[in-house]
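Peer 1: I am attaching a structure below and will ask some questions about it afterwards.
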Amino acid sequence: MTDQQTEREKMIAGALYRPGDPELVADRQRAQAAMARYNATVYGDADRGGALADLMGAVGRDVAVRAPVYVDYGFNITLGDGVFLNYGCVLLDVCPIVIGAGTQVGPMTQILAADHPRDPAARAEGLENGRPVTIGRNVWIGGGALLLPGVTVGDDAIIGAGAVVTRDVPRGATVAGGPARPIGG
């Protein structure tokens, strides 16, 4: 990281950044307006797809996102083809959040790329940071799950309802609990 980077560039890279930076404030205001527009739509509205495209960074074909959905910035979110997000999902996208094709996400799930420094002096200065979250293809995430910053979930994995995912989930694994642990055979 260099001093020449903008706060937005630092944020996306996972470095310490200042969230009160005017560019980031404007980005969050844009996201809030786009969220309000999308969350006011219902299935079948003619402009629902356009409103979702305005909210997210990239949206594949046949994506279904049930409103309401909540984001920090939106532009760091990539939804693959056929992704389904149920009601009330929260995606804090200070760093990229990528959700692979065919993944289904239960209601009230939180996917958090936003983090805070462990150093109390950095927190006291108001600095924040994040780590990207990557979810593979054909993953099933049960309702109310919580995926923490920096987690990668492999293709075909299952995350049980209410699980707190604190570390990577291998391809095809089933995890549940808090913290999430492998289950089944």
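The values are calculated or read from the model by the stated rules, or taken from the named source; none is laboratory data. Everything numeric in this text was worked out from a predicted model, so none of it was measured. For neighbour counting, all protein chains shown are included, and Cβ atoms are generated from backbone atoms with ideal geometry for every residue, glycine included.
Peer 1: How many residues, within the range 128-185, are in a loop (DSSP other than H, G, I, E, B), free of Cβ contacts under 8 Å to residues at least 60 places away in the same chain and not aliphatic (A, V, I, L, M)?
Peer 2: Summing the residues that are in a loop (DSSP other than H, G, I, E, B), free of Cβ contacts under 8 Å to residues at least 60 places away in the same chain and not aliphatic (A, V, I, L, M) in the range 128-185 gives 24.
Peer 1: Pick out the one residue from Ile135, Ile99, Ile141 that is of a type outside the set (Lys, Arg) and touching a Leu at 6+ places or on another chain (Cβ under 6 Å).
Peer 2: Ile99
Peer 1: In the range 2-54, what residues are at pLDDT below 95 and of a type in the set (A, V, I, L, M, F, W, C)?
Peer 2: Result: Val42, Ala46.
Peer 1: Residues in the range 17-35: is at least one polar (S, T, N, Q) and more than 18 Å from Ile135 (Cα to Cα)?
Peer 2: Checking the range 17-35: at least one residue is polar (S, T, N, Q) and more than 18 Å from Ile135 (Cα to Cα).
Peer 1: Taking the range 21-43 on its own, how many of its residues are without any contact (Cβ under 8 Å) to a residue 40 or more places away in the chain and within 20 Å of Gly88 (Cβ to Cβ)?
Peer 2: Number of matching residues: 11.
Peer 1: In this structure, is Pro149 touching a Leu at 6+ places or on another chain (Cβ under 9 Å), at pLDDT 95 or above and at negative phi?
Peer 2: yes
Peer 1: Could you please give the count of residues in the range 77-125 that are assigned to a loop (DSSP other than H, G, I, E, B), out of contact with any Lys or Arg (no Cβ under 6 Å at 6 or more places or on another chain), over 17 Å from Glu9 (Cα atoms) and touching a residue at least 12 places away in the same chain (Cβ under 8 Å)?
Peer 2: Qualifying residue count, the range 77-125: 9.
Peer 1: Quick one: in the range 125-163, which of the residues that are of a type in the set (Asp, Glu) and out of contact with any helix residue (DSSP H, G or I) (no Cβ under 9 Å at 6 or more places or on another chain) is nearest to Ile183 (Cα to Cα)?
Peer 2: Top of the filtered list is Asp156.
Peer 1: Return yes when Gln5 is more than 29 Å from Gly142 (Cα to Cα), out of contact with any helix residue (DSSP H, G or I) (no Cβ under 7 Å at 6 or more places or on another chain) and not in a strand (DSSP E or B) and no when it is not.
Peer 2: Yes: the conditions hold for Gln5.
Peer 1: While we're looking at this one, here's another question. Just to be sure, is Gly74 modelled with pLDDT of 95 or more, under 18 Å from Glu9 (Cα atoms), part of a loop (DSSP other than H, G, I, E, B) and not acidic (Asp, Glu)?
Peer 2: The answer is yes for Gly74.
Peer 1: In the range 65-74, which residues are of a type outside the set (A, V, I, L, M) and buried (at least 19 other Cβ atoms within 10 Å of the Cβ)?
Peer 2: Within the range 65-74, Asp72, Tyr73, Gly74 qualify.
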